[in-house]
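The values are calculated or read from the model by the stated rules, or taken from the named source; none is laboratory data. Please read all numbers here as calculations on a predicted model, not as lab measurements. Positions of Cβ are backbone-derived with ideal geometry, glycine not excepted, and every protein chain shown enters the neighbour counts. Note: areas computed on protein heavy atoms with side chains; ligands, DNA, RNA excluded. Shrake-Rupley method; radii C 1.70, N 1.55, O 1.52, S 1.80 Å.
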Amino acid sequence: MSEEHVERRLAAILAADVVGYSRLMEADEEHTLNLLRQHRREFFDPTVTKHGGRIFKVMGDGFLVEFGSVINAARCAVEIQRGMSERNVGIPEARHFKFRIGINLGDIIVDGDDFHGDGVNLAVRLQGLAIPGGIACSEVVRHEVGNKLGVDFADQGARTVKNIAQPVHVYFANWDQGVSQVETHIAARSVQTLVRSDKPSVAILPFANLSNDPDQQYFSDGITEDIITDLSNVSGLFVLSRNTVFAFKGRTDKMERIARELGVGYIVEGSVRKAGNRVRINAELIEGATDGHVWAARFDRDLTDIFAVQDEIAKAVVAQLRVRLLPEEKKAIELAPTDSVEAYTHYLRGRDYSHIATRANHLMARQSYIRAIELDPGYARAYAGLAVCDVRLQSIYGSSIQVDDILATADKTLALDPNLAEAHSARGFALSLADRRSEAAAAFEQALTLDPNCHEANRYYAEFCVTGGQFELAATYFLRAMEIKPTDYGAPVMLVNVFRTLGQQNDAELYARIALERAEEELRLHPENANCACLGAIVLAFLGEREKAAKWLGRSLEIDPGDINVQYNAACTYALLGEFERSIDLLEVWLPQAGAEMRLWFKNDSDFASVRSHPRYQKLLQLLQ
């Protein structure tokens, strides 16, 4: 009996499904079905046909499409995702229609009008790996597309997927040119879930520093932050947070595109030129949908008038958007953070120093905050900055600063401004240093109640959870910290550690690559950041990129060899590279100088899993008892 001939051919397969379809159906079954049919009729199906594709299988909210050309398949996927993003504009996030798309090029089995085989199965598995609104593809697709579509690809490494024998090398396609798709997704989650359609929404982009001294960037950043704070006090406006908009710093895209990405109706942008005791500020309000100017003004003032200028800009935005300003909101806008411009300048410089988390920078930041307090003893934000600095110096570097003194600083801050979330989070961290963990948890919860979007509160609470062995809770707060602050390169590194401890290897690898992408960007902006280089070395070692890990590690040790936090992270890197003796050599130098919180972190650090049985390592653990 002869076997029936099986027809095979090479084809590009696109697999797509609707994100959260069951949730949408549960909320409104008929409306959801009608919307899906409308999206297919008006957009999805015509786009597939336009690029030479054929839908050969429909599975409710899922579709399989065949293309004769992988370029056409990729071009179609990009157009679908861009088009759906536009079709979702102005619709509440809970009702968005988003697709996950996977693309594979492979051998398929032809069965009449249907197709089977690993070529199809892999496209479906890739679709399952894609983020909402994203595109995942196989290595062969990535190389076939190359640079032909102007699309960048983020390498996700080899992934094990169901019913596929060998690990699959996965790439995420960055269809939104100029921004990492993974980063945009993380940054946008907090934006999209918060935007309210019943209020005018506005993003204040970082003001450009036009001063002759590039080191004055901290001053223009501070002005941006204060305008954001002023406008955030207006109940009739939705204003994006500082951490979200600062991810767009330096972007030269059209305002229309930035507004669409951020999901806001209006953009405020401007510039600052500071020279001696004079300052010039240009500001303009732009309508996102049209890129049209609604309002613009230039302010040439004495430096002592800086707070008045910030108030004028905030009031102008409110007036142009025809938002009613309540008496208490007007009062909040007019309330300057300090009467001293010099104190304000020192506070901003302290914030700038704190960005690079080394002992030397924390000490310089501390001096700036102390000087700001000397100039204005009633400056609440300066006390909060000092408390955070002292927490870091004590917990990481074993500074002689007493916990009671840190608590007194935090209490002073709260006496001046009881609603300052970062002061509560600093107090929580100080309480954890004193081993008053239940009180510490309550302080963190209070900080998050006051401001769920406070980066410090989420980040410190996550670290607190790690030292207490609460790894799942730690993952929740580290993820939130990443969403709030898209430039935070440390949180995804910590997530690698947490997910490894939880046995979630795929998640650990995903966040290692996100961490690496963020670290690369940070080092581009701040090549002197030794801590960032060392954390990058850890994730490179974890990903098996030994030569690159060694290079990054060498860079960090060359920049700041005496910093004990750099030494600790170097020990982590050596452990992951299998160089156990070098790792323990560094740990033996580090341990006598380390702060109490870092010692707790050390006990739970999965980077040292492979070296735990070493006799010298066991002696170090005994010293912690």
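When you go through (1) in contact with a Leu (Cβ under 9 Å, 6 or more places away or on another chain); (2) assigned to a loop (DSSP other than H, G, I, E, B) one by one for residue 407, which number turns out not to apply?
Exception for residue 407: condition (2).
Within segment 535-563, track down each residue that is β-branched (Val, Ile, Thr) and surrounded by fewer than 22 Cβ atoms within 10 Å (Cβ to Cβ). Quick ask: steps written out before the conclusion?
As a first pass, look at segment 535-563 and keep what is β-branched (Val, Ile, Thr): 538-539, 559.
The one that is β-branched (Val, Ile, Thr) and surrounded by fewer than 22 Cβ atoms within 10 Å (Cβ to Cβ): 559.
Would you confirm, using the coordinates I've provided, whether residue 420 is surrounded by 19 or more Cβ atoms within 10 Å (Cβ to Cβ), at pLDDT below 90 and either charged (D, E, K, R) or within 28 Å of the chain's Cα centre (by Cα) (or both)? Can you show your working first?
Details: surrounded by 19 or more Cβ atoms within 10 Å (Cβ to Cβ): yes; at pLDDT below 90: yes; either charged (D, E, K, R) or within 28 Å of the chain's Cα centre (by Cα) (or both): yes.
The answer is yes for residue 420.
Report those helices (runs of 4 or more DSSP H) wholly inside segment 38-143 carrying at least 1 residues which are touching a His at 6+ places or on another chain (Cβ under 6 Å). Can you show your working first?
Working: elements: 45-50, 70-87, 118-129.
Ranges flagged: 70-87.
What are the residue pairs meeting all of these: first residue in segment 94-110, first residue under 10 Å from residue 11 (Cβ atoms) and touching a residue at least 60 places away in the same chain (Cβ under 8 Å), second residue charged (D, E, K, R) and surrounded by fewer than 18 Cβ atoms within 10 Å (Cβ to Cβ), Cβ atoms under 6 Å, and 6 or more apart or on different chains?
Pairs found: 107/8; 110/7.
Every residue in segment 613-625 that is surrounded by 11 or more Cβ atoms within 10 Å (Cβ to Cβ) and assigned to a loop (DSSP other than H, G, I, E, B), please.
Within segment 613-625, 614 is the sole residue that qualifies.
Among residues belonging to segment 478-492 that are buried (at least 24 other Cβ atoms within 10 Å of the Cβ) and more than 8 Å from the chain's Cα centre (by Cα), point out the one that is farthest from residue 511 (Cα to Cα).
This residue is 478.
Out of everything in segment 94-112 that is open to solvent by 40 Å² or more (accessible area, probe 1.4 Å) and in contact with a Lys or Arg (Cβ under 9 Å, 6 or more places away or on another chain), what residue ends up being nearest to residue 153 (Cα to Cα)?
Among those that are open to solvent by 40 Å² or more (accessible area, probe 1.4 Å) and in contact with a Lys or Arg (Cβ under 9 Å, 6 or more places away or on another chain), it is 107.
Looking at (1) in a loop (DSSP other than H, G, I, E, B); (2) within 23 Å of the chain's Cα centre (by Cα), which is the only condition residue 401 fails?
In the conditions (1) in a loop (DSSP other than H, G, I, E, B); (2) within 23 Å of the chain's Cα centre (by Cα), residue 401 misses (2) alone.
Which condition number in (1) of a type in the set (Gly, Ala, Ser); (2) part of a loop (DSSP other than H, G, I, E, B); (3) surrounded by fewer than 22 Cβ atoms within 10 Å (Cβ to Cβ); (4) touching a residue at least 40 places away in the same chain (Cβ under 8 Å) is the one that residue 150 fails?
All conditions pass for residue 150, except number (4).
Is it true that residue 329 is open to solvent by 70 Å² or more (accessible area, probe 1.4 Å), over 22 Å from residue 205 (Cβ atoms), acidic (Asp, Glu) and touching a helix residue (DSSP H, G or I) at 6+ places or on another chain (Cβ under 9 Å)?
no
Enumerate the pairs (first residue in segment 20-49 and within 18 Å of residue 67 (Cβ to Cβ); second residue anywhere and part of a helix (DSSP H, G or I)) with beta-carbon separation below 7 Å, excluding pairs fewer than 6 apart on the same chain, so at least 6 apart or on different chains.
Short answer, once both residue conditions are applied: 43/83; 43/87; 44/80; 47/76; 47/79; 47/80; 47/83; 48/76.
Would you please name the residue that is surrounded by the fewest Cβ atoms within 10 Å (Cβ to Cβ), looking only at residues in segment 493-531 that are without any contact (Cβ under 8 Å) to a residue 24 or more places away in the chain and touching a helix residue (DSSP H, G or I) at 6+ places or on another chain (Cβ under 7 Å)?
Checking each candidate, the answer is 507.
Please go through segment 334-365 and pick out each residue that is closer than 17 Å to residue 530 by Cα, hydrophobic (A, V, I, L, M, F, W, C), in a loop (DSSP other than H, G, I, E, B) and open to solvent by 20 Å² or more (accessible area, probe 1.4 Å).
Within segment 334-365, 357 is the sole residue that qualifies.
Looking for something within 20 Å of residue 510 (Cα to Cα), modelled with pLDDT of 85 or more, more than 21 Å from the chain's Cα centre (by Cα) and of a type in the set (Lys, Arg) - is there at least one such residue anywhere in segment 152-163?
No, segment 152-163 has no match at all.
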